[in-house]
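Remarks on the structure that follows.
The values are calculated or read from the model by the stated rules, or taken from the named source; none is laboratory data. Being a predicted model, the structure only gives us computed values, none of them experimental. Note: ideal-geometry Cβ built from the backbone for every residue, glycine included; neighbour counts use all protein chains shown. Accessible surface areas use protein heavy atoms only, side chains included; no ligands, DNA or RNA. Shrake-Rupley method; radii C 1.70, N 1.55, O 1.52, S 1.80 Å.
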Amino acid sequence: MLRGWAVGSVLVLIQVAWGGPGIAVSGGIQAGANTVPLLFTWSSSITVQGSGWTSGEPVAISLEGPLNSPGVPVSAIGLGSAIAGNLGTFSTPLIVPYDQAITGPKARIPRPGYYRVRATGTVSGTAIASNNINLCPATYTGAGGIDWSRERGSRDGILPGALRAYSPERSDPEWISVWDNRPAQIYGTVGGVTPTGANQVAHISFEDDPLAHYAHDVNAILQPDPQYLWTVGTANYYQNPNEDGTDRPGRIELEWESLNGGNTKTYGTGQIGLPVWATPGTGDRVYVVGRWVLDAGHPEIGDRTEIHPARLIAVMRQRPTVSAGGATSAQVDIYVSGHGGGANQYPSGMDDLLGQGGYGGGRLRDVLNASDQSVYYRPGPLGFPDATALEVLVLTLVGETLSSTPYPSAGPSAFSWGAPAPEQQPINDMDYDFDVPLPPPPDGATSVKVEVITQAQHTTAVAETVTFPKAGGSLPAVAHVHLPYNGADNGIYARTLKFSWNTASMPEYHFRVRLDRIRVNSNPGEWHLWSDAGGQWTNLSNLAPSLLQTTQNGIIAPPGAQFDLYLRGTDTIRFLVQGYRAQCIDHEFGALFGMSSYSAGIKLLTDCGPVNNDDLGGALLELPALPSSQGSYTVMADSTDRPGGGSFQVDLTVDFVSGPSASAECQGRGLLAPVISAA
């Protein structure tokens, strides 16, 4: 028979044989403004309902997992027990354990992950709930929450007032692993509707910390697939009052420096970071493997979790493309590299220190005595003469004094395990496997063709193996990609794969978009701009070096900025230009490594003051895939602080190349208004 329970807006159904036992799970944590069904964290309550058990039977209930964490064995976590009533049913709330009041090497906090719920009775046997649960880390510090980031080693500083965010302690260390140094994997989508050019969910950041970056990060806001919600810490559901609102509740951010050779003057060269051809765009599906970290430095509400940096990214483009033979194709851009940039240069010895005998998830209080904890968390490191100079500098900048005195020895560098790791980390400690959705098979299709394009950054001898698993004898729905890196070299894998059916024809629509001119309205100077044409990213400042020396009312015509877009009728023509104006701080990137956090911070404040780069915002044109969308457009950039009145505007030309005629457009589809950020 079927039994069911309502879980918020989710109905959990399980099939129970007559006389056999069954269980269902309900509940979820309050995260931000909503209760998220079947998402839990430490010390939260899970309600387990049972039926079909023997009257009076004790039933032990446990979590089994994690189920999708690479290299982590499945184990059991006891939740508690229930006693079946006269009708063989029960409904009992059980608390997810935290540390069970144990501190030290034997502490075993439940590892975040994706779990199934199992019940075992003394008479009736075993039942497993049909719905699995996500167990996420408790990183939100409000309402008596667990300050997991501080437990793992994040620190706050002593700079006063407006300088607090610049306190060197906040980036010493900056990216602490959430649990251990094993890489996490996520399937997700770059999501979140952003109708204007400002605050795009996929962009190159205008503000990053030069103490820990060679160049600016590619940022992509991911909506994880349901079975990867455990990667999203509880603080990710809340807005930090000291930030600009660009974070999206319930999402996780993927960050990796944009490809560079060691500083912001070398974008597009070298081996550090992610090249533009593999940069994800809005709506793209992503498979990512990388360091799962706490973005330290946000003590106001607790630190959000991130993937930072990635070591593998597979970007499955939302819009179709064409193969060399002209057939409709699904494209995946794959990049694997151990060059994570400044984010790799964390104190990796901390992960060994907090390893808890290989289990992971240790806290500093589990491994350091009270005296060593005091040394670690106190402000510094900064010697007495420099501390005096810092007092004068802070007083000059903001007219306030330090809240306490920094110590010469403090933070990770006070210990032998606190040395930074190398910028390049090994990536040959595992194989990589992921699935790429195939386009729907056209009539008569019997096989899939694969086109492999090797990009300039490719250096590894590792070669992909592609298979096409079939379900029940039907045509495959996905391509499975296997990269046998385990024990191989640590070279970079950089390839694009295109998948098409043997009977596929051209995509329904073909448009050509040309960036004709960029007009400087305000904030002239050194501009770094990028464009995204439906997933085709371009560094415009490399294409048109005159952008690095813009003048008021200047006009720049980037040569060769022309892009072919192949679309289905449900797709949109999408073109974005975004970037930043460099200030003094931008020239400190790549120059502060090897210095103590305070020495680097003082140099930064002395050279530049508390000034960041200027967000130039973004100019966004989005149009329906209709022949009538062709034409000339002028789009004004939007930014967070200047909506509708940005620093630049772009002139674009959209040409309709091929597809259904305009008469067909009017017969069935109707006309849709274009989405333009500002005109």
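For this structure, a couple of remarks:
- Residues of the range 305-354 that turn out to be part of a strand (DSSP E or B) and of a type outside the set (Val, Ile, Thr), as a count: 14
- Looking only at residues in the range 388-434 that are in contact (Cβ under 8 Å) with a residue 60 or more places away in the chain and charged (D, E, K, R), the one that is nearest to Thr460 (Cα to Cα) is Glu423.
- Residues that are among the aliphatic types (A, V, I, L, M) and either crowded, with 19+ Cβ neighbours inside 10 Å or at pLDDT below 95 (or both), drawn from the range 104-146: Ala107, Ile109, Val117, Ala119, Ala127, Ala129, Ile133, Leu135, Ala138, Ala143, Ile146
- Count of the range 280-304 residues, restricted to those that are open to solvent by less than 10 Å² (accessible area, probe 1.4 Å) and not in a loop (DSSP other than H, G, I, E, B), is 7.
- With a requirement of 3 or more residues that are among the β-branched types (Val, Ile, Thr) and either open to solvent by 20 Å² or more (accessible area, probe 1.4 Å) or modelled with pLDDT of 95 or more (or both), the strands (runs of 3 or more DSSP E) lying completely within the range 147-241 that satisfy it span 184-190.
- So Glu253, is it within 22 Å of Gly342 (Cβ to Cβ), touching a residue at least 12 places away in the same chain (Cβ under 8 Å), out of contact with any Pro (no Cβ under 7 Å at 6 or more places or on another chain) and open to solvent by 30 Å² or more (accessible area, probe 1.4 Å): yes
- Residue check for Trp277: surrounded by fewer than 22 Cβ atoms within 10 Å (Cβ to Cβ) and not in a loop (DSSP other than H, G, I, E, B): yes
- Qualifying residue in the range 397-409 (condition: within 21 Å of Glu174 (Cβ to Cβ), part of a helix (DSSP H, G or I) and not acidic (Asp, Glu)): no
Yes/no matrix, rows are residues, columns are (1) within 26 Å of the chain's Cα centre (by Cα); (2) of a type in the set (Ser, Thr, Tyr):
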residue	(1), (2)
Thr465	no, yes
Val478	yes, no
Leu529	yes, no
Gly535	yes, no
Pro545	no, no
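- Selection status of Gly357, of a type outside the set (Phe, Trp, Tyr) and surrounded by 14 or more Cβ atoms within 10 Å (Cβ to Cβ): no
- Counting only strands (runs of 3 or more DSSP E) that sit wholly inside the range 411-495, those with at least 1 residues that are touching a strand residue (DSSP E or B) at 6+ places or on another chain (Cβ under 7 Å), of a type in the set (A, V, I, L, M) and farther than 21 Å from Ala324 by Cα are 478-483.
- Considering the range 434-452, and only residues there that are loosely packed, with under 15 Cβ neighbours inside 10 Å and at negative phi, the residue that is modelled with the lowest pLDDT turns out to be Pro440.
- The range 442-463 residues that are closer than 20 Å to Ser500 by Cα and acidic (Asp, Glu), paired with ones that are open to solvent by less than 60 Å² (accessible area, probe 1.4 Å) and not in a loop (DSSP other than H, G, I, E, B) (beta carbon under 6 Å, 6 or more apart): Glu451/Lys498
- If the condition is being part of a loop (DSSP other than H, G, I, E, B), open to solvent by less than 50 Å² (accessible area, probe 1.4 Å), among the small types (Gly, Ala, Ser) and in contact (Cβ under 8 Å) with a residue 40 or more places away in the chain, then the range 541-594 contributes Ala561, Gly569, Ala582, Gly590.
- The set of residues from the range 595-612 being under 24 Å from Glu423 (Cα atoms) and in a helix (DSSP H, G or I) comprises Ser597, Tyr598, Ser599, Ala600, Gly601, Ile602, Lys603, Leu604.
- For Thr538, the conditions (1) among the polar types (S, T, N, Q); (2) over 18 Å from Gln583 (Cα atoms); (3) open to solvent by 60 Å² or more (accessible area, probe 1.4 Å) are fulfilled apart from (3).
- Strands (runs of 3 or more DSSP E) fully within the range 1-103 counting 3 or more residues that are open to solvent by 10 Å² or more (accessible area, probe 1.4 Å), closer than 30 Å to Phe434 by Cα and at pLDDT 95 or above: 75-83
- When Ser474, Ser409 are screened for being open to solvent by 30 Å² or more (accessible area, probe 1.4 Å), closer than 28 Å to His213 by Cβ and more than 32 Å from the chain's Cα centre (by Cα), only Ser409 passes.
- Arg514 being closer than 30 Å to Cys584 by Cα and either in contact with a strand residue (DSSP E or B) (Cβ under 9 Å, 6 or more places away or on another chain) or open to solvent by less than 10 Å² (accessible area, probe 1.4 Å) (or both): no
- Scanning the range 319-353 for residues that are among the polar types (S, T, N, Q), under 26 Å from Thr189 (Cα atoms) and in contact with a helix residue (DSSP H, G or I) (Cβ under 9 Å, 6 or more places away or on another chain) yields nothing.
Okay, residues lined up against (1) within 21 Å of the chain's Cα centre (by Cα); (2) at negative phi; (3) open to solvent by less than 10 Å² (accessible area, probe 1.4 Å):
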| position | (1), (2), (3) |
| --- | --- |
| Gly326 | no, no, no |
| Val332 | yes, yes, yes |
| Gly342 | yes, yes, yes |
| Pro347 | no, yes, no |
| Arg363 | no, yes, yes |
| Gln373 | no, yes, no |
| Arg378 | no, yes, no |
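- Residues that are in a loop (DSSP other than H, G, I, E, B) and touching a helix residue (DSSP H, G or I) at 6+ places or on another chain (Cβ under 9 Å), drawn from the range 249-268: Pro249, Gly250, Arg251, Leu259, Asn263, Tyr267, Gly268
- Selection of the range 507-524 for residues being touching a residue at least 60 places away in the same chain (Cβ under 8 Å) and outside any strand (DSSP E or B) yields Pro507, Glu508, Asn521, Ser522, Asn523.
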